[in-house]
Amino acid sequence: MAKGWYAVHTFSGWEQKIEAQIRSMMEDDNKLGGCCFDVKVPIRVIKENKDGKQRERKSKILPGYILMEIDMPEDFEEIKHIIFLVKSIEGVTGFVNATTARGSKPIPLTAAEVKNIFELTGEIKSTTADEMFNTFEKGDRVYIKAGSFASFNGVVEEVLKERGRLKVSVEIFGRPTIVDIETSDAERI
């Protein structure tokens, strides 16, 4: 058996509804319930300050996809049954990485992909994100390497750790302007 996390493509906006249907099917169908351990819509909680108030908003990491943890059976008939059950749900287009060739089965996500997704959801502690934020401090000179302000130089005015962003002062038309950029779009100079 090939246990792993499998991505299922869905209509955007239908993810929670489909997740609930799959959970119900896991209870009703012994074959699906016996090999499917979990189903998730990967969601990230983003903390923001708006009007001086701390707020949280939820954002789907993979809009149009859900993840299923499945111990995929070796028997092709059982695999076809699982694929058929999941694809029969309204709003599901199919497993990602599955081909239509006879004898093929869906391919699970790699360990690195799963780690990245669960770091974003907060289910796994991320060390790389913490390291990225610790590389910038107020007053650092940076080169903006991507985005709308690519190729500008500026000075970090604020590090927004919880959002993964920097407020950088750049000179536009001879006047200092504060721009909000992704941490990954900046490089210390």
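Of the residues making up region 30-62, those that are closer than 20 Å to GLY4 by Cα and outside any helix (DSSP H, G or I) number 10.
Name the residue that is least open to solvent (accessible area, probe 1.4 Å), counting only residues in region 160-178 that are modelled with pLDDT of 90 or more and within 25 Å of the chain's Cα centre (by Cα).
Keep residues of region 160-178 that are modelled with pLDDT of 90 or more, which gives 166-171, 175-178.
Add one more test, that the residue is within 25 Å of the chain's Cα centre (by Cα), and what stays is 166-167.
Working: LEU166: 1, LYS167: 67 Å².
Of everything passing the filter in region 160-178, LEU166 is least open to solvent (accessible area, probe 1.4 Å).
Could you check region 135-150 and list, in sequence order, the residues that are part of a loop (DSSP other than H, G, I, E, B) and either touching a Ser or Thr at 6+ places or on another chain (Cβ under 6 Å) or open to solvent by 80 Å² or more (accessible area, probe 1.4 Å) (or both)?
GLU137, LYS138, LYS145, SER148
Candidates are the residues of region 1-21 that are open to solvent by less than 50 Å² (accessible area, probe 1.4 Å) and of a type outside the set (D, E, K, R); the one that is modelled with the lowest pLDDT is ALA2. Could you tell me whether region 92-103 includes any residue that is at pLDDT 85 or above, open to solvent by 40 Å² or more (accessible area, probe 1.4 Å) and out of contact with any His (no Cβ under 9 Å at 6 or more places or on another chain)? Within region 92-103 (the criterion being at pLDDT 85 or above, open to solvent by 40 Å² or more (accessible area, probe 1.4 Å) and out of contact with any His (no Cβ under 9 Å at 6 or more places or on another chain)), the answer is no, since none of the residues qualifies.
The values are calculated or read from the model by the stated rules, or taken from the named source; none is laboratory data. These numbers come from a predicted model, not from an experiment. Cβ sites come from the backbone with ideal geometry, for glycine too, and all protein chains shown count toward neighbours. In case anyone asks, the SASA skips ligands and DNA or RNA and just uses the protein heavy atoms, side chains included. Shrake-Rupley method; radii C 1.70, N 1.55, O 1.52, S 1.80 Å.
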